[in-house]
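A short worksheet on the structure shown next.
Readers should treat all values here as calculations from the given coordinates under stated rules, not as data from a laboratory. No experiment lies behind these values; they were computed from the predicted model shown. For neighbour counting, all protein chains shown are included, and Cβ atoms are generated from backbone atoms with ideal geometry for every residue, glycine included.
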Amino acid sequence: MSKQTDLHVVSRREFLAATGGALASAPGVLAATRATSAPSDASPGAPADAPTKIPIGVFDPIFFHLSLDAMLEKMTALGLEAIEVAVGGYPSTPHCPVADMLADAAKARAWRKKFEDRNIRIGAFSAHGNPLHPKAAAVARRDDEAFRRAILLAERLDVPVVVGFSGCPGDSDTSQHPNWLTYRWPDDYQEVVEWQWKEKVIPYWQEMVKFARQHGVRKLAFEMHPGFVVYNPWTLLRLREAAGEEIGANNDLSHLFWQGCDPVEVIRLLAKEGALFHAHMKDTVILQENVAKFGILNFVPGSEDFRKGSMTFRAVGYGHGAEVWKQIVAAYMDVGYQGILSIENEDPILNGEDGVERAAYVLKNVRAELLNGKA
């Protein structure tokens, strides 16, 4: 695709040809048919089962090389309608002067107006970090403070969702590094997991939920990510039950495809539980030749040697084809999802803006087909 952006809606035949159809599919994916319940925010006068247009946006770290104004111009050129803004944690915050905006309400309003003037919805603030890190002074305190500032900024600007990670503690109070355990045998592994949850995870997030509630923020969206205690829907719902209904999902399917999850079933489950708060739009390709030899838990560091691993992230449409993503977007519409579709690009081939542009192309076309009632 050239640098000249053209996100016009193409015909279904052209679109499927351009995206290569179904490039790869996870086992058992998308076996169920669409639900029949109507979205709760269907427009007045629309048929009862009319789908609702979900805004397509971007997670801003991919544009950190641009100034805020230049990024907004780029987003307008790409036809993007929403944004998730990094305000702390692992990403830096070049587009959001958090301290200044918390100190001065006028500066916060002026910042928000830049988005409003371009009709770009601020769907979420993100503070991805590890507030449970065993290095309390060096890491955990920093990430805890970043997440609290994100909540305060969301309160000030009426942003509905704060996105982050659940964190991961060590295996004892003397640990220096996080210890992510999933398999529960031999028994000492199970003992570590339960100690983490009882002594660190649940108490911390109960307190953070209380803080969020005091500041009118009712949606803390965890990315279900390997390396953290919440890494799949089961662990997410476990923490939600223990800490409060403010805990929900940033449903990044790229981390669930390789675990064998069916994306439509995940969306339905999270929606049924009232826990579908946010959505990262990122794809995954499974490298079957490596899976056959090494299994799925064959990860490589970084992106340079990604072909040696058993999976890698791709832009939307380059791990699973257009039909899969159409059913995913349809599922979000069917359950009445109220958030945005936030493109996150970590594609080792389609770097930077190219990956965002391709993902937006796929999502805009499948959304248009659904809104126009095309099967």
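Values as computed for the structure displayed
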item	result
Least to most buried among K198, K282 (fewest other Cβ within 10 Å first)	K198, K282
Label selected from (i) 73, 43, 35; (ii) 61, 46, 39; (iii) 60, 58, 43, the criterion being Cα extents along the principal axes in Å as computed here	(iii)
As computed over segment 132-206, the Cα convex hull volume per residue (Å³)	88 Å³
Anchor K74: lysines whose Cα lies under 26 Å away (excluding residues fewer than 8 positions away in-chain)	K3, K53, K107, K113, K114, K282, K326, K364
Burial ordering of D334, D173, D262, fewest other beta-carbon atoms within 10 Å first	D173, D262, D334
Candidate lysines - alpha carbon under 21 Å from K210, same-chain residues fewer than 8 apart omitted	K198, K200, K219
Net length gained if the chain between Y90 and L371 were fully extended (0.36 nm per residue, minus Cα distance)	97.5 nm
Reach of K293 by Cα under 16 Å, taken over lysines that are not fewer than 8 positions away in the same chain	K308
The chain: antiparallel DSSP beta bridges as a percent of all, rounded to 5	15 percent
Point-charge dipole on Cβ atoms (K/R +1, D/E -1) for segment 250-364, about Cα centre, debye to 20	220 debye
